[in-house]
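The structure appears right after this line, and notes come after that.
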Amino acid sequence: MKRLLKLLALVFLLALLWTRLPGMIRQVEEWRYPRCYATEVETWAAAYGLDPLLIYTFIHTESSFDAEAESSVGARGLMQMTEETFYWIKGKIAPEEALNFSDLYDPACSIRFGAYYLKLCLERYDGDIATAAAAYHSGWGTVDALLEKERYASSESTLAEFPYAQMNHYVEKILDRYQSYTELYGS
């Protein structure tokens, strides 16, 4: 009888876990793919006509949502922008504002500037996320040079192949994470 009670308790526990498993899995996935800084992301996604999930994808890939992140080449903030790119974009969207490179540690500034640069990359490369990601990571000059080589280009403005290991890895991470964000939160 004691053994039967233990078995019934175990079956009950397993049934309870089984009914809660989908919710637990979703919680783990939301933890793996967070939507931090939602106000800033939603604001700049709307301003620049971007999918907010794509901005979350880039932040996740670039800095893992660490506002104080700095790369080995000196890129800063959530969306990891270099000083040269920051000042170039500042000239386009904020020439009169008293901003400097260290302001990229502020999530609002980093997301604003990074989202704008992402928008420019997408416009330049016909909305192709993979090619835009390659440009965001490696620069327009590198991508433009690859587009001149027929074996890498699928059109005048999109790449079919990403021949550099680091670039290829980055593009794969962006595409995989964007797919995960889209599956989790909708398009």
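Data overview
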item: Pairs, first open to solvent by 70 Å² or more (accessible area, probe 1.4 Å) and modelled with pLDDT of 95 or more in the stretch 78-100, second among the hydrophobic types (A, V, I, L, M, F, W, C) and part of a loop (DSSP other than H, G, I, E, B), C-beta under 9 Å, six or more apart; result: E83/A75
item: Total residues in the stretch 130-160, condition within 19 Å of the chain's Cα centre (by Cα) and free of Cβ contacts under 8 Å to residues at least 12 places away in the same chain; result: 1
item: Criterion: among the aliphatic types (A, V, I, L, M) and at pLDDT below 95 - qualifying residue of A153, A132; result: A153
item: Among residues of the stretch 161-185, those that are over 16 Å from the mean Cα position of the chain (by Cα) and buried (at least 19 other Cβ atoms within 10 Å of the Cβ), counted; result: 1
item: Matching residues in the stretch 36-66 - criterion: being surrounded by fewer than 20 Cβ atoms within 10 Å (Cβ to Cβ) and of a type in the set (D, E, K, R); result: E42, D51, D66
item: Residues that are open to solvent by 60 Å² or more (accessible area, probe 1.4 Å), over 26 Å from P52 (Cα atoms) and not basic (K, R), drawn from the stretch 135-160; result: E148, E150, S154, E156
item: Matching residues, the stretch 48-72, being more than 12 Å from the chain's Cα centre (by Cα) and either within 22 Å of F101 (Cβ to Cβ) or of a type in the set (D, E) (or both); result: Y48, D66, A67, E68, A69, E70, S71, S72
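The values are calculated or read from the model by the stated rules, or taken from the named source; none is laboratory data. The structure displayed is predicted, hence computed values, not measured ones. No Cβ is skipped: glycine too gets one built from the backbone with ideal geometry, and neighbour counts run over all protein chains shown. For accessibility, only protein heavy atoms count, side chains too; no ligands or nucleic acids. Shrake-Rupley method; radii C 1.70, N 1.55, O 1.52, S 1.80 Å.
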